[in-house]
Amino acid sequence: HLSAGDVRPKVVICRHLGPAMPSLLERNDIDIVLWPEDRTCERAWLLENVKGAAGVLVLLGDRVNEELLEAAGPKLRVVSTMSVGYEHIDLPLMAKHNIRVGYTPDVLTEAVADISVMLALMAGRNDGVAYSIVKNGGWSSFAWSPFTFCGPQLSATASSPTRTVGFLGFGRIAQATLARLVPFGITHCIYTGSPNSRPDTTRDAALQAKHNLKVLERVDADRLARESDVLFVLTPGGQETYHLVDAAFLKKMKKMSVLVNTSRGSVVDSDALATALREKWIWGAGLDVVEGEPAISTDHPLVKEPQCVMVPHIGSATFQTRLDMATRAIDNLIGGLFGGEMPAEVGK
Ligand code: DGY
């Protein structure tokens with residue numbers, strides 16, 4: 001005996017998904033409740049509207065926790081997030097209630113790898129300061145001069161042939177970033193993996209051969225900090241990785257090194273990084289993510305640091321990628337809703 005709600009399950013969509021939306025709106029087998037504004041969905045609205053929902057499509061800012069589950073009630077069977085990260089979702093709780101969780105890996109790998117390289121270049125080459133000088137009409141005070149605005153070079157040169165890139169976390173995005181750096185003459189790569197993962201020697205041998213690397217080595221955090229010329233933070237957020245980059249880590253880094261974070265702000269201790277930049281423990285930082293975002297004001301210690309280049313979590317923000325993410329999030333939702341296959345299900 002099916003109730004009307006089971007025949008036409010209710011789904012809550014926490015943001016209009018632009019050009020991906022028609023594929024959802026045209027369906028007549030679901031009852032859609034859509035947050036009507038183009039800003040983070042208000043919690044009170046979500047808690048009220050999620051009542052009786054079988055599915056919910058969320059973004060990074062929407063916490064999926066006990067409170068949400070209680071508000072939704074027992075029909076909830078799928079949560080789909082339009083993101084590769086899922087620290088905003090309480091996974092053990094979802095497992096306990098048999099709620100399937102969809103996410104959007106793979107489709108954003110290339111876009112985030114692109115911006116990781118962009119930030120490495122910008123931070124190394126003083127782009128924060130140089131760009132604002134031009135924007136503020138100050139170029140005339142800075143005629144070309146031999147060593148003004150110099151910074152460390154990302155690419156290898158005949159006089160400096162060995163540049164070591166380091167990756168804190170060596171998943172899909174890190175490997176795509178490495179591939180982009182090979183044409184820059186990079187031949188040395190080191191990385192740290194999650195303590196729970198075993199070294200993947202077969203994969204590494206294949207990557208080393210493919211990119212013709214002299215070194216590709218899994219190392220401990222100490223060596224990663226000490227040996228990297230450019231260090232990319234590309235590990236998921238959450239308890240396990242909280243402040244892995246802290247004052248002790250930053251103190252070990254090379255004075256001319258650059259730190260890039262395009263994964264989660266929580267991995268890097270912001271105050272320690274601001275100190276590291278101010279006291280010149282490292283050369284510069286390029287950040288797409290910062291702890292506490294989006295509440296980052298001009299008073300934030302990292303915003304005030306001239307050697308810090310910061311963009312507001314736009315790593316995956318290309319038209320192509322965001323459309324792919326939205327489409328995948330919808331497909332995950334529909335798959336989970338009707339008990340079918342989800343293109344990317346957490347834990348599967
Ligand atoms: C994600 O998907 O988790 C990114 O941080 C945003 O694209």
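Miscellaneous remarks
- Two-site label geometry, E37 and N98: point separation in nm, points 7 Å out along Cα→Cβ: 3.8 nm
- Under Karplus coefficients 6.51, -1.76 and 1.60, residue-wise ³J(HN,Hα) of region 254-265 in Hz, glycine/proline x: 5, 4, 9, 8, 10, 10, 10, 10, 10, 10, 9, x
- Among the listed pairs K214/K254; K10/K96; K135/K251, a Cα-Cα separation exceeding 31 Å is found for K135/K251.
- Amide hydrogen proximity for D31: with H placed 1.01 Å from N in the peptide plane, the residues at 5 or more positions away or on another chain lying under 5 Å are K10, V11.
- Sequence-distant residues sharing a close amide H with L216 (under 5 Å, placed H): C189
- For the chain, the longest principal axis of the C-alpha atoms and the axis of helix 109-124 are separated by about 30°.
- Our summary gives region 109-310 a relative contact order of 22 percent, counting only alpha carbon pairs under 8 angstrom and 6 or more residues apart.
- Against the chain, whose longest principal axis comes from its Cα atoms, helix 201-211 is set at around 60 degrees.
- Here is the list for region 255-290: trypsin sites (Lys or Arg not before Pro) lying in DSSP coil, each with at most 13 other C-beta atoms within 10 angstrom of its C-beta, are K255, K280.
- Applying a DSSP loop filter and a limit of 15 other Cβ atoms within 10 Å to the chymotrypsin sites (Phe, Trp or Tyr not before Pro) in region 128-215 leaves F142, W144, F147, F149.
Every number here is computed from the coordinates shown, using simple stated rules; none is lab data. Keep in mind that this is a model prediction, so the values were computed, not measured. Neighbour counts are summed over all protein chains in view; Cβ atoms, including those assigned to glycine, are modelled from backbone coordinates with ideal geometry.
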